[in-house]
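Since the structure comes first, as structure tokens, the remarks are kept for the end.
The values are calculated or read from the model by the stated rules, or taken from the named source; none is laboratory data. This one's a predicted model, so the numbers in the text were calculated from it and none came from an experiment. Don't worry about glycine lacking a Cβ; one is built from the backbone with ideal geometry, like all the others, and counts go over all protein chains shown. To get the accessible areas, we keep the full protein, side chains included, count just its heavy atoms, and leave off ligands, DNA and RNA. Shrake-Rupley method; radii C 1.70, N 1.55, O 1.52, S 1.80 Å.
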Amino acid sequence: MTVGVLHPGSMGAAVGGALRAKGEPVVWASSGRSAATAERAREAGLEDVGTVEELARVSDVILVLCPPAAAVEVARSVPDAAGIYVDANAVSPNTARVIAGLVRRYVDGGVVGPPPRERGSTRLYLSGAEAPLVAELFAETIVDARVVSEDVAAASAVKMAYAAWTKGTAALLLAVRALARADGVEETLLEEWRMSLPELPERSVSAACSALGKGWRWVGEMDEIADTFGAAGLPEGFHRAAAEIYRRSPHEPAAADASLERVLAAIAKRTGSG
């Protein structure tokens, strides 16, 4: 089966590379894409077919991994594609259903874990009537593909629930430390954490590193999670606030020691504190 990847960021290129390593033909479309995207695709062994239209024509499966805010627009770019459209973006179940209505054949997806480099690190949750066909495509690859159900949005629900904790609590931890700094009690809080919650000082540094390197991509994801909570009749303010924390974070990665200072300073500056 020929797999088309729209558009190969770090995750998409790595997933496409996993299929290439199995021997599946994997293509991408370079038209309008950056040199960085082209280099990722080249390193992953993806074949360039030039345009999105040509990719849609030759692909049996179209795999989409892009920022959540672009997911609907990308689906609209291939409305007549005959292949299975696998949207593996971090979107709410409601957004997944909108996308399902834009394409002929739809499978919902949700990735948990980093870009796959070794077996056991990355799960691809799938749902929808044709999810077993897509899961079979990933058999014997380093990507662990798991079918959730035939529900057209179940995989997105899994992704939203999972990231609500991992990325939501990281944002909360940064906000708590920024609050302690703004009120002049950060060192006292750290001392208490070391006694009662010894993992939190290091986790706050890790959260800052992630916010600098990836936080810009998580703003939309937090909003999608908030929408998911709201649709379930649950409070959505937790993750609206998390989106704002990531929105305020600088976007340039730095050394671990500098990351925390840069993120907390940015949060404090935007609130007028510190």
Response to the item:
Placing +1 on each Lys and Arg Cβ and -1 on each Asp and Glu Cβ in the range 147-192, then taking the dipole about the Cα centre, the residue among Ala180, Trp165, Val152 whose Cα reaches farthest towards the positive end is Val152
Worksheet item: What list of ³J(HN,Hα) values in whole Hz, one per residue of the range 75-89 in order, does the Karplus curve 6.51 cos²θ - 1.76 cosθ + 1.60 (θ = phi - 60°) give from phi, with Gly and Pro shown as x?
Response: 4, 5, 7, 9, x, 9, 4, 8, x, 6, 9, 9, 8, 10, 8
Worksheet item: Long-range amide H contacts for Glu47: which residues qualify at under 5 Å (H placed 1.01 Å from N, peptide plane, sequence gap of 5 or more or a different chain)?
Response: Val26, Val27, Trp28
Item to complete: Would you kindly find the accessible area of Arg40, with a 1.4 Å probe and non-protein molecules such as ligands, DNA and RNA excluded, rounding to the nearest 10 Å²?
Response: 80
Response to the item:
Scoring the chain by relative contact order with C-alpha pairs under 8 Å, at least six apart, yields a percentage of 14
Fill in: At R0 = 41 Å, FRET efficiency that the Cβ-Cβ distance of Val58 and Trp216 yields, to 0.05
0.80
Practice prompt. Report which label in (1) 0.99; (2) 1.45; (3) 1.01 holds the value of Rg/Rh (Cα atoms, Kirkwood Rh) derived from the coordinates of this structure.
Written response: (3)
Worksheet item: Given a Förster radius of 30 Å and the C-beta distance between Ala129 and Asp48 as r, what FRET efficiency does 1/(1 + (r/R0)^6) yield to the nearest 0.05?
Response: 0.45
Discussion item. Taking the alpha-carbon distance from Lys167 and a cut-off under 20 Å, which lysines remain once sequence neighbours fewer than 8 residues away in the same chain are dropped?
Written reply: Lys159, Lys214
Fill in: Residue-span extension gain [Ala265 to Asp80] - 0.36 nm each, minus C-alpha spacing
61.8 nm
Worksheet item: Using the beta-carbon distance between Asp183 and Leu234 and R0 = 30 Å, what value does 1/(1 + (r/R0)^6) give for FRET efficiency, to the nearest 0.05?
Response: 0.50
Worksheet, complete the sentence: Measuring from its Cα centre, the chain shows a charge dipole (+1 at each Lys and Arg Cβ, -1 at each Asp and Glu Cβ) which, in debye to the nearest 20, is 300
Discussion item. Check which residues have an amide H placed less than 5 Å from Thr122's amide H, if you skip close sequence neighbours.
Written reply: Asp144
Response to the item:
For the range 8-129, inverting the pair-averaged 1/r of distinct alpha-carbon atoms gives a Kirkwood value in Å of 14.6
Worksheet, complete the sentence: Spelling it out for Ile62: with amide H atoms placed in the peptide plane at 1.01 Å from N, the residues 5 or more places away or on another chain with amide H under 5 Å from its amide H are Gly4, Ile84, Tyr85, Val86
Item to complete: Could you calculate the contour length gain from Arg97 to Leu197, that is, 0.36 nm times the residue separation minus the distance between their Cα atoms, to one decimal place in nm?
Response: 31.9 nm
Discussion item. Let's see if you can work this out: charge +1 on each Lys and Arg Cβ, -1 on each Asp and Glu Cβ, no other charges. What is the dipole magnitude of the range 1-139 about its Cα centre, in debye to the nearest 20?
Written reply: 260
Worksheet entry | Dipole moment magnitude, nearest 20 debye, the range 136-215 about Cα centre, only Lys, Arg, Asp, Glu C-beta charged | 240
Worksheet entry | Difference of contour (0.36 nm per residue) and Cα-Cα distance, Ser149 to Glu39 | 36.0 nm
Worksheet entry | DSSP loop GluC sites (Glu not before Pro) with at most 12 other Cβ within 10 Å excluded, longest remaining stretch of the chain | 1-117
